[in-house]
1. In segment 93-113, what count of residues is obtained for those that are buried (at least 16 other Cβ atoms within 10 Å of the Cβ) and assigned to a helix (DSSP H, G or I)?
2. Which of the numbered conditions does VAL116 fail, given that it passes all the others? Conditions: (1) at pLDDT 85 or above; (2) part of a loop (DSSP other than H, G, I, E, B); (3) loosely packed, with under 11 Cβ neighbours inside 10 Å.
3. Does at least one position in segment 92-101 carry a residue that is of a type in the set (Ser, Thr, Tyr), touching a strand residue (DSSP E or B) at 6+ places or on another chain (Cβ under 9 Å) and in contact (Cβ under 8 Å) with a residue 60 or more places away in the chain?
4. Within segment 103-113, which residues are of a type in the set (D, E, K, R) and within 25 Å of LEU90 (Cβ to Cβ)?
5. Might you check whether a residue that is modelled with pLDDT under 90, touching a helix residue (DSSP H, G or I) at 6+ places or on another chain (Cβ under 8 Å), part of a loop (DSSP other than H, G, I, E, B) and not aliphatic (A, V, I, L, M) occurs anywhere in segment 46-55?
6. For residues that are closer than 11 Å to ILE104 by Cβ and charged (D, E, K, R), scanning just segment 56-80, find the one that is modelled with the highest pLDDT.
Amino acid sequence: MRIVYSSSFRAFAAGTTLTRASYWSTPSPSGPTDIQIEFKIEPLPRPGESIEHKRARLLYQSRKRGILETDLLLSRFAKTYLNSFNAEQLEEYDRFLDEYDWDIYYWVTDNPQRTVPERWQNSEIFKLLQTQVQAQGSEILRMPDL
């Protein structure tokens, strides 16, 4: 059996692991068998988390995604907007960070490989991020200072 495995892991503090895996068995007379398995472990509940702690956690999660492209886009966005977000906006951004890294990257850069799901099409947070990314154009990005 050949196993092809790809995943996006977020830090344990993030509370989410999204894994995608595909398994192929050895070819049989009727042809190879493809099985794709997807599962998602829900984020850890954080009852009583203070606004300051949530901002600090979201800033960290924006900087440490797993792929540099998304790290750069989200860390600059967090540096610009996170301190001005109210509790509801922070909660929405927290849910957005639970998405798969490459999906986020393709969505905000308007890449036709992935269409923006309906749940984010009218999101204020998503529109702010997309506007910031489009305004950056071909600017060379670097991580913002802490």
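The values are calculated or read from the model by the stated rules, or taken from the named source; none is laboratory data. The shown structure was predicted, so the numbers you read here are calculated from the model rather than taken from an experiment. In this analysis, Cβ positions are derived from the backbone assuming ideal geometry, glycine residues included, and neighbour counts consider all displayed protein chains.
1. 11
2. Looking at each condition in turn, VAL116 falls short on (3).
3. Yes, the conditions are met somewhere in segment 92-101.
4. ASP103
5. yes
6. Ranking the candidates gives ASP71 first.
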